[in-house]
Amino acid sequence: MSVDAHRGKSSSIIKNIRPISIANLLTISRLAITPVLIYTILKDMYLFSGILVIAAVLSDWLDGIIARKTQDVTKHGELLDPAVDKIFTLSVLVAFVEKQIISTYIVFLIILREMMVTWFRSVMVNKGIVVPASYYGKIKTTFQLVAIFFLSINLQQPGIIILWISIILAYYSGFDYLKMFIKEKAWQ
């Protein structure tokens, strides 16, 4: 390949590179917050832990609003946001297991539900079935984040109670996805 051909090819690649959107930067910020939050939890830095949880929740809330307002909703963002949410939630919950605040069983129940719902949704999306986010799944997420906040500021009893409520809501919403999966005969 000649030098001119190589330059032409690389300039066309550069033209196709879009800067990362503000919404996706906010989503990625939760990845950056996660290890710092884990550290503050493990070191009993309750004030900092609480502030970091609030920052993560605000970034999750803002990224969707900004993406919709700027009409920058992308497939990349639609995949990135829930993945980062799961990484954030599960990583922080594992820190609470390490501190012996919650049991491994709680994290197992949450992971099991997340993996099953992810599988149901993936199969249905691959079949061209529109899978809207479950209303109860959104409520579950709210309860889960409130529980994480309480646990991060060392309000263990209310945090654990709210976390169990989020698990009940998680499985209730999971059954919504299972019913849709069966109704649509998505396994065929």
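The values are calculated or read from the model by the stated rules, or taken from the named source; none is laboratory data. A quick note: this is a predicted structure, and the numbers were derived from the prediction, not measured. FYI the Cβ positions are ideal-geometry reconstructions off the backbone, even for glycines, and counts take in every protein chain you see. To get the accessible areas, we keep the full protein, side chains included, count just its heavy atoms, and leave off ligands, DNA and RNA. Shrake-Rupley method; radii C 1.70, N 1.55, O 1.52, S 1.80 Å.
Some notes on this structure:
The rows are residues; the columns are (1) part of a helix (DSSP H, G or I); (2) free of Cβ contacts under 8 Å to residues at least 12 places away in the same chain.
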{"site": "Tyr136", "(1), (2)": "yes, no"}
{"site": "Gln157", "(1), (2)": "yes, yes"}
{"site": "Ile160", "(1), (2)": "yes, no"}
{"site": "Ile165", "(1), (2)": "yes, no"}
{"site": "Ile168", "(1), (2)": "yes, yes"}
{"site": "Ser173", "(1), (2)": "yes, no"}
{"site": "Met180", "(1), (2)": "yes, no"}
{"site": "Gln188", "(1), (2)": "no, yes"}
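- Answer from Asp72, Asp44 - the residue that is at pLDDT below 95 and of a type in the set (D, E, K, R): Asp72
- Phe150 passes every criterion in (1) open to solvent by 60 Å² or more (accessible area, probe 1.4 Å); (2) within 23 Å of Val53 (Cα to Cα); (3) aromatic (Phe, Trp, Tyr) apart from (1).
Yes/no per residue for (1) open to solvent by less than 20 Å² (accessible area, probe 1.4 Å); (2) touching a Phe, Trp or Tyr at 6+ places or on another chain (Cβ under 9 Å):
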{"position": "Val84", "(1), (2)": "yes, no"}
{"position": "Gln100", "(1), (2)": "no, no"}
{"position": "Tyr105", "(1), (2)": "no, no"}
{"position": "Asp176", "(1), (2)": "no, yes"}
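- Yes/no for Arg113 being in contact with a Gly (Cβ under 7 Å, 6 or more places away or on another chain) and either of a type in the set (Asp, Glu) or surrounded by 18 or more Cβ atoms within 10 Å (Cβ to Cβ) (or both): yes
- Condition check for Ile22: over 26 Å from Val125 (Cα atoms), open to solvent by 30 Å² or more (accessible area, probe 1.4 Å) and at pLDDT below 95: yes
- Residue within the stretch 61-75 that is closer than 26 Å to Ile168 by Cα and open to solvent by less than 40 Å² (accessible area, probe 1.4 Å) present: yes
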